[in-house]
Structures are given as C-alpha cells and as structure tokens.
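The values are calculated or read from the model by the stated rules, or taken from the named source; none is laboratory data. Everything numeric here is computed off the predicted structure, so don't read it as measured data. Using ideal geometry, Cβ is built from the backbone for each residue, glycine included, and neighbour counts are taken over all protein chains shown. Please note that ligands, DNA and RNA were not included when accessible areas were found on the heavy atoms of the full protein model with its side chains. Shrake-Rupley method; radii C 1.70, N 1.55, O 1.52, S 1.80 Å.
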Amino acid sequence: MKPFFKQTVSKVCISKSSSVVLPIALALILTIPRAGTSYANPDGSGSYKLAPGDRVSIVVLGQPEFSGDHMIDNDGSVTLPAVGLVGLKDLTASEAEKVIVERLANGYLQQPIASVRVTEPRPIYVVGDVRTPGSYPFRYGISVMGALALAGGFRVAEQLPSGARSEFLMADERLRVLQASRRSLLVRKARLEAQLEGASQIALQDSFPFSREDPEVLRILQDEQGIMTTQKKGHEQELRLLREQGPRLDAEAVAVQQQSESEKKQLELIQMTLADYNNLVSSGLTRRFQLIEYQRQEATYKSSVARLAAEQVNLEIRKGEIAMRLQESENNYKQRILTDLQDVRARLSEIEITLPVAREVREARLQQGGGATLAGSATEVSHTAIIHRIRDGKTESFQADTRTPLAPGDIVEMRPSSREAASLGASSQTNMAMQAESLAQDALSKSR
C-alpha cells in the first residue's frame, strides 16, 4: 500500500471477551499527549482562517443591502451586491473585515464599518475503521470521541450488544458541547456587560466556573475582546464624525452673521442716499433714472439680508439634527448590547437547565456498559487515531487522543492495529487509506 500521510503509530487498545463488554468511557486510550487545545489551530492561537465551505455573516453598519449570510465558494470568495467577488480565503475574520471595508470604500460607501463572523464552519470528515465514514457538520467543542460517535463507532465493535458504545459517545459529546457553549456564553456575557458599562477590557467575575488559565477560555476571551474593541471603535468613530460637524457649523454661522451685518450696513447707506436723491428729484436738480438705480440696489441688499437670515435659521436646524443623531447613535448602540445580552442570558438559562440532565444521561449510558475491564480479555483490538489537517495549503498529520479538539475541515482517520485487524484483509486496509487520501485531496483542492 502506497503511504499518503506521514505519522507515528500509537496504539489504542480495546478489549472484549465472550461475556463482558469494555466500558464505553475507555473506548479509546492513546499513549501520546494532546495535539491541540483550540478548534482554530493546534497551537492554540485561535487565529481561525477562512476557507471554502465556511458560512460567514457579513454585517455592514447601517447598510442592510450589503449585509447577510454568505457561503465561501471553491475559489475562496463571496459575492457582495454591486461590489462583486471578494476573496476571503486564508484570512482571519479581522483581516476579512479590512478587505471588505477597502472594497466598499472604493467608490461605494464613505468610511464603511464591517464585521465578519463565522456562522457555520466547514465540515469534518471521519474515515477508516468506523461504521459510517463520511463528512459531518462541525460543532464547536467537538473532539475525536465526538467524531467517532457521529460515525457510529468502530466497525469492528458492531458485535457489541445494544449499541452501548455509540449511546455513551453521543451522550458524552452532548455534555461536552453544552459545557463548551456555556463557557463561550459566559465570556460573551462578561463582554456585553463590560460594553454596557463603558469599560475597555473584559473582566471575568469571581464566580466564573472555568479556569482562567484554560487555553480555550483564553482563546474565547481574546476573540470577544477583539469584537468588543472593533464595535467600540466603530461607535466612537461614528460619534466623532457627528461631533466634528458642530464646530464647522459654528464657524459657518459666524461667517453668515458677519456677512449679514455687512449687508445691513450697505442697505443703510443706500437708504440714506435714496432719501437725499428723493429731495433732489423733487426739486428738479437731478435726473430720475439715477434714483431708480439706487432703488434697485436697495432691493438687492434687502434680498441678501433676507437670504442670510434664512441661512442662519437652517444652520441652527442642522445643529439640532446633529444633537439628535448623537443621542440616537448612543441609544442604538446600547439597545444592540441589551438585545444581545438578553439573548445570551436566555441561552445560558436553557443550558443550565439541560446540563444536569445531560450529566445524568451520560452516567446512565456509562453504567449500562457494565463492569468490563481490560483484564482477562481474550482478544485485543487496538486503534490509532490520526488527524489530517490542512494548513497553508499543506496537509499535516498527527496522532490524537479522545479529548483532542477538532478544527473545521479536519479528517479523522481511525486505524486498526491489532491481531484481529488482520481479519479485515489487505483490501480493507487499502480502502481506508484511499478514503483518507480522497477526502484530503478534495479538501486541499477546495482551499487552493
């Protein structure tokens, strides 16, 4: 068999006997350390890069026609109204926001503000010695054990009674997802409360139930801090632009006032000249056409004075409108925060109600596996979990344990490596390698 990925084999032992069943919690035991701590990157940096298959939500402040959900196509682009194709492949959310802002500012909007959020990451793939290999939707917090559960468990374990293994894996995955959601929502709640109070940094309360040193907590905290900084910066920019119009209007009002006073003085001089010419015309000492010319100038200055008075009124109205827009911007900003905070609190309440039930279900599924142990097993079945991850257009392969978190687009390969694995035959082993190779090549071609 031609090898496609480079890796070091580490065994995961699963034992069975004719009368006992291995506890579900020990379905996978790997002898290597965890390969990653973040769903975004195995190094824990959390800098998730967009790729084909991701669904993103693009929001342009005050421009609903440019906002909406978009699926990144095979070329790594999304299509915005009027703008056309915008390439987002291999960009982080913040980098994608800058690209979209640059495109919108190029002849479409003045000083646009955009936010990009991943609403549905690309799927994961499960291949190898599993019951139903294929692609499955990515869930935040999903691990190797969860991927195995989605694929129905090991193919060689199908003879185990009543599907206890799969039921436990599903219950365990359900509990992990709820805990991950609770962790994310608690950090988001802290961010929204900090925004509402006008703070610049997120402060986790003493009652925060997770370790502040947890890499996943640090990643979520970093992401939420970035969202908070971006939103606050956009709001302050909007307020600054509105406030900057006030001094300009004041200066314009002063200039109009000075011009109006000058026109009034000219009008007074013309009126004094008219009075003198009226007397001269009455005495027959001058011609009447000169009087008519001064009367025309008087009408012109009166018109200018009236026009300047109207301009002063308009300037006062515009200053009032700016004050109203400032207040409206503040109200809308706080209203959005309050709405998001209300939604987060509601979702947290649902999770708090569901978590105890999920723990009980997991415990019940674990107890249903009986008291089987590795001791006295007649036959050993070992498995090795290999994760194939595409990064910067290249495939990286590394071993994993049941708790290793997965990233969008990961390929999880379960390889049998035991005495019983020989019964699968060389053809089955070759098929598993071909599955992994095909899925990896397909994912790689989409990322190019």
- Starting at the first residue of the stretch 383-393, write each ³J(HN,Hα) from the Karplus equation 6.51 cos²θ - 1.76 cosθ + 1.60 with θ = phi - 60°, in whole Hz, x for Gly and Pro. 9, 10, 9, 10, 9, 9, 10, 8, 9, 6, x
- How large is the accessible surface per residue of the stretch 126-219, computed with a 1.4 Å probe and reported in Å² as a whole number? 42 Å²
- Query: Which order do 167, 360, 216 take by accessible area at a 1.4 Å probe, largest first?
  - Reply: 360, 167, 216
- Message: For a quick check of your reading of the filter: which GluC sites (Glu not before Pro) in the stretch 307-340 sit in a DSSP loop and have no more than 14 other Cβ atoms within 10 Å?
- Response: none
- To the nearest 10 Å², what's residue 301's accessible area with a 1.4 Å probe? 60 Å²
- If one computes the Cα centroid of the stretch 298-318 and of the stretch 103-157, what distance in Å separates the two points? 64 Å
- Query: What's the extension gain from residue 336 to residue 290 if we count 0.36 nm per residue and subtract their Cα-Cα distance?
  - Reply: 9.7 nm
- Which ³J(HN,Hα) values in Hz, rounded to whole numbers, follow from the phi angles of the stretch 138-143 under the Karplus curve 6.51 cos²θ - 1.76 cosθ + 1.60, where θ = phi - 60° and Gly and Pro get x? 6, 10, 5, x, 5, 10
- May I ask for the distance between the Cα centers of the stretch 170-217 and the stretch 264-287, given as a whole number of Å? 84 Å
- Counting only the heavy atoms of the protein chains, how much of residue 218 is accessible to a 1.4 Å probe, in Å² to the nearest 10? 80 Å²
- Whole-Hz couplings from phi, Karplus 6.51/-1.76/1.60, listed for the stretch 179-193; x for Gly and Pro: 5, 5, 5, 4, 4, 5, 5, 5, 5, 5, 4, 5, 5, 5, 5
- Could you tell me the accessible area of residue 131 in Å² (1.4 Å probe, neighbours in place), rounded to the nearest ten? 90 Å²
- Query: So who's got an amide H within less than 5 Å of the one on residue 124, skipping anything under 5 residues away but keeping other chains? H placed 1.01 Å off N, in plane.
  - Reply: 136, 138, 409
- Accessible surface of the stretch 66-192, 1.4 Å probe, proportion on carbon and sulfur as whole %: 49 percent
- Note on the structure: Residues whose built amide H sits under 5 Å from the amide H of residue 390, excluding neighbours closer than 5 in sequence, are 396
- Query: Where does each of 214, 340 land when they are ordered by accessible area, with a 1.4 Å probe and the largest first?
  - Reply: 340, 214
